[in-house]
Amino acid sequence: MEKQHFQARIAMSNEEYLKVALDVFFFEDDGYTIAYCPALDLSAAGLDLENAKAEFAQVFSEYAMDCIEQNTLSSDLIAHGWQLRERGYDSPSVTQLLIGNSTLRDILDNRCYSKQLVNINHIPSTSMAFA
């Protein structure tokens, strides 16, 4: 399994952007590559690593846009353990995530992983990349 950093920049208005950096874990399961983000409890599956990255970018985009449209982004982030700071939100620490996230515990306990920095193409209408 690989741990990779996902970055997104989504236009919320003409001059305002939502900027996000997330850790995403990738692992194999039943012939698919699974992308899992414990800080938001979002996942996607692909036929290979690149496909899983693209699928995760799409899932994240839909999640973010839905939260923005429904005006629930702040409450959803807080529900996932994020902390509101002066300049935005801080994601929960790995220690905090391990307490209530059995999926993450299973991944860390039962799968090998390494951290790797990778870039992917931008997704239309948003600016997203793994770095």
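The values are calculated or read from the model by the stated rules, or taken from the named source; none is laboratory data. Here the structure is a predicted model, which means the values were calculated and not measured. Cβ: placed from backbone, ideal geometry, glycine included. Neighbour counts: every protein chain shown. Side chains are part of the model used for accessible areas, which takes the heavy atoms of the whole protein and leaves out ligands, DNA and RNA. Shrake-Rupley method; radii C 1.70, N 1.55, O 1.52, S 1.80 Å.
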Excluding Glu62 itself, what net charge comes from residues whose Cβ is under 12 Å from its Cβ, given Lys and Arg +1 and Asp and Glu -1? -3
Taking a point 7 angstrom from the Cα of Asp90 along the C-beta vector, which residues in segment 31-63 have backbone N less than 18 Å away? 39-40
Which ³J(HN,Hα) values in Hz, rounded to whole numbers, follow from the phi angles of segment 61-71 under the Karplus curve 6.51 cos²θ - 1.76 cosθ + 1.60, where θ = phi - 60° and Gly and Pro get x? 4, 5, 4, 4, 5, 5, 4, 5, 5, 8, 6
Heavy-atom surface of segment 30-94, accessible at 1.4 Å and reported per residue (Å²): 57
